[in-house]
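For reference, the structure discussed in these notes is given below.
The values are calculated or read from the model by the stated rules, or taken from the named source; none is laboratory data. This is a predicted model, so every value here is computed, not measured. Don't worry about glycine lacking a Cβ; one is built from the backbone with ideal geometry, like all the others, and counts go over all protein chains shown.
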Amino acid sequence: MELIFVTLLVVLTSTFAYQSLKWMRPSSVRSIREGLRAFLEWVGAFTLFLTANLALGVLIILLIRGFTTRFFALYELENLLLLVLSAVQAFVFRHAFRAGMSG
């Protein structure tokens, strides 16, 4: 039920914002498509960085377990900061990649 409510809120505010933008600046509707494209590119980069960070983390934890007597749980990777920093990596990478293509 909570998921449906949050989704409904987002759909309503997005529809309102779209209609407002269309009324105030009709030429800006195209930029929404460009914004969605940029968002999907960011999601792809974020997925790649998160997957790479998790894979490297698992490898390092398994190496520590194999070569030392210390035990590290894989739960160490269940960290909000890893998620946020992966998102930042994706944002910076996408921005740098776009800047490199245009200049």
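Each row is one residue, and each column tells you yes or no for (1) under 22 Å from the mean Cα position of the chain (by Cα); (2) surrounded by 11 or more Cβ atoms within 10 Å (Cβ to Cβ).
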residue	(1), (2)
40	yes, no
49	yes, yes
54	yes, yes
57	yes, yes
61	no, yes
64	no, yes
73	no, no
76	yes, yes
79	yes, yes
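Report whether or not residue 51 is hydroxyl-bearing (Ser, Thr, Tyr), in a helix (DSSP H, G or I) and at pLDDT 95 or above. Don't jump to the end; show me each part of the working.
Numbers: hydroxyl-bearing (Ser, Thr, Tyr): yes; in a helix (DSSP H, G or I): yes; at pLDDT 95 or above: yes.
Against the criterion (hydroxyl-bearing (Ser, Thr, Tyr), in a helix (DSSP H, G or I) and at pLDDT 95 or above), residue 51 qualifies.
In the range 50-72, the residues that are without any contact (Cβ under 8 Å) to a residue 24 or more places away in the chain form Cβ pairs under 7 Å with partners that are assigned to a helix (DSSP H, G or I) and not aliphatic (A, V, I, L, M), at six or more places apart or across chains, as follows: 61/76; 71/65; 72/65.
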